[in-house]
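The values are calculated or read from the model by the stated rules, or taken from the named source; none is laboratory data. Everything quoted here is computed from the prediction, not taken from an experiment. Positions of Cβ are generated from backbone atoms using ideal geometry, with glycine treated the same way; all protein chains shown enter the neighbour counts.
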Amino acid sequence: MSKNWYPVIDYSECTECGACIKKCSHGVYDKEKAPSPVVIYPEGCIDGCHGCGNLCPNGAIQYVGENTGWTLPNKKSGGDDNCCGCSCGGSC
C-alpha cells in the first residue's frame, strides 16, 4: 500500500463507466458513489498498479507518483482483464 501512489480522475474525460471501481478491490474508490469514481482511500492503492487506468476507456486516470513510463491508454485494451501490470499475479 502506498501514500505516494494513487489514482487521480480527470472528470472532464470520465464517462462514469464504473470500470475502475469494479476493478479495484482495495477500497480506493467510494462504491456508494458508483459509477462516479471518487477516491476516498488513496493509501489503499498498490504502488505501481495501473489496473484501473488500463481499463479506463477514455484515459481519464493518472497517478500521483507515476514514474514508470506508463502512458494513458485511449481505449480499453483487449486481453486479460485480471492483469493490471502491478506484479500481483491478478490477485488485486
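Observations, loosely collected:
- Against the list (1) without any contact (Cβ under 8 Å) to a residue 24 or more places away in the chain; (2) assigned to a loop (DSSP other than H, G, I, E, B), the condition residue 32 fails is (2).
- Criterion violated by residue 13 - all others in (1) crowded, with 16+ Cβ neighbours inside 10 Å; (2) in a loop (DSSP other than H, G, I, E, B) satisfied: (1)
- When restricted to residues that are assigned to a loop (DSSP other than H, G, I, E, B), buried (at least 19 other Cβ atoms within 10 Å of the Cβ) and without any contact (Cβ under 8 Å) to a residue 40 or more places away in the chain, the range 35-55 contains 2.
- Of all residues in the range 16-34, those being surrounded by 14 or more Cβ atoms within 10 Å (Cβ to Cβ), out of contact with any Cys (no Cβ under 6 Å at 6 or more places or on another chain) and within 20 Å of residue 65 (Cβ to Cβ) number 2.
- Residue within the range 68-85 that is in a loop (DSSP other than H, G, I, E, B), among the aromatic types (Phe, Trp, Tyr) and either within 13 Å of residue 23 (Cβ to Cβ) or at pLDDT 95 or above (or both) present: no
- Remark: pairs (first residue in the range 56-73, without any contact (Cβ under 8 Å) to a residue 24 or more places away in the chain; second residue not in a loop (DSSP other than H, G, I, E, B); Cβ separation under 8 Å; 6+ apart in sequence or on different chains) = 70/53; 70/63; 72/53; 72/61; 72/62; 73/53; 73/54.
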